[in-house]
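Presented below is the structure to which this report refers.
The values are calculated or read from the model by the stated rules, or taken from the named source; none is laboratory data. Remember, it's a predicted structure, so these values are computed and weren't measured experimentally. When we count neighbours, we look across all protein chains shown, and the Cβ atoms used for this are built from the backbone with ideal geometry, even at glycine.
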Amino acid sequence: MNKESEQEEIEVKDDTVRVVSADSSKENDKSLLNFAEVDKEDENVVSFHDEQAKEEAPATEDVDIITASGIMDDLMNYDQLLSHDASVIFEVNSSDGDGPHMLDLETPDSPAKEAEIKEVTAAAATPSPDEQDANYEEHMQLLQQLNEETDKASQRSSQLQMKLAEYLRMKAVDDAQLERDGLVSEQMEEYVNYLNILSDLKQQLTIESERAEQQAEELRLQSQEKLDKVWLTQIESQSSDTYSIRVHPASQCRTEQKTWLMSVLSQLLSNIKEKLYWSRVEVRTKQEQLAEVEATVAAKREVLTGIKNERNRLQRANLRLKEHRGLLGNTALLRDFEDTADASDQLEEKLEKLRCRRAQIVFNFGKRKTNL
């Protein structure tokens, strides 16, 4: 009898060890599956939060505080639930800033379980032949209860793990969306500033060219007036001194006047040429600046077109995800569906009442017919 009791005790211990190892393997498999499901659901969460990033941008801090407080309440309730048989330890893996946030789950054996197992083994050490079956059934029931409690604890831990991973991913997506919007707004401001600079330079160039043309015209008119005056003075001097001056002094005076006129005209032409040269140099520098500004504007325009194409692609992807989503997150369609469902229920109730009334009328008519 002692040998049989010892063998049964060894079998019970082996069963408990197998069940505990199976539970730990199940928990590890569930945690891995939960991480896979979280990675699959993150794509839908990213699309959903890209749509509502602009609408909920002012209230991101309040939402973060509310979600964090909800997760902490769930963790406190979960700790109270597991205070009698297990302890769950969560650690946010923040060693590498590039990868996603992960959770380390550990479920060590509680001292209450070890004490219960020791009590069971101690009670089963010296059983009587009649009490062996009852003790075995009690041990199996206790083992089943422990298995159910561990399953519940693993399910609750997976739910909390999914909530925390979703919250962290949502926060990262919101930060990326805000950075993207800030970059696009800065590029648009730079593009507008470059366009304003280009228009100002064009206006300046036209004003400078008109001013240079006016100066050249004024100088030409001044030179023409001076030439006319010189010719008039020469003609007057010739007409007054034709009879008083001899031939040789008259020819000498003409040559002197011609040389003087040539020197004056050469000085005027040199001044005009110098002014035209400097005006052309200034126009050339303005044209070079204009070409540089146009090149930068063209480069920024290409970047802007690429950004617009990316925006259109994201909008199309969002529309496609909205179409595949169906009623999820669409309050208007959900409200309409609820109204139609209520209306159909009311119509069905009305139809049922009419059927009952018709059956009652037919019954009363048949009853009267039989009485007649």
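Structure summary
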{"item": "Any hit, the stretch 270-287, residues being in a helix (DSSP H, G or I), farther than 30 Å from residue 225 by Cα and of a type in the set (A, V, I, L, M)", "result": "no"}
{"item": "Criterion: surrounded by fewer than 14 Cβ atoms within 10 Å (Cβ to Cβ), out of contact with any Lys or Arg (no Cβ under 6 Å at 6 or more places or on another chain) and in a helix (DSSP H, G or I) - qualifying residue of 177, 155", "result": "155"}
{"item": "Answer residue from the stretch 243-300, given it is among the basic types (Lys, Arg) and surrounded by 14 or more Cβ atoms within 10 Å (Cβ to Cβ) and is modelled with the lowest pLDDT among those", "result": "275"}
{"item": "Sole residue being part of a helix (DSSP H, G or I), of a type outside the set (A, V, I, L, M, F, W, C) and either modelled with pLDDT of 90 or more or surrounded by 11 or more Cβ atoms within 10 Å (Cβ to Cβ) (or both), chosen from 368, 335, 320", "result": "320"}
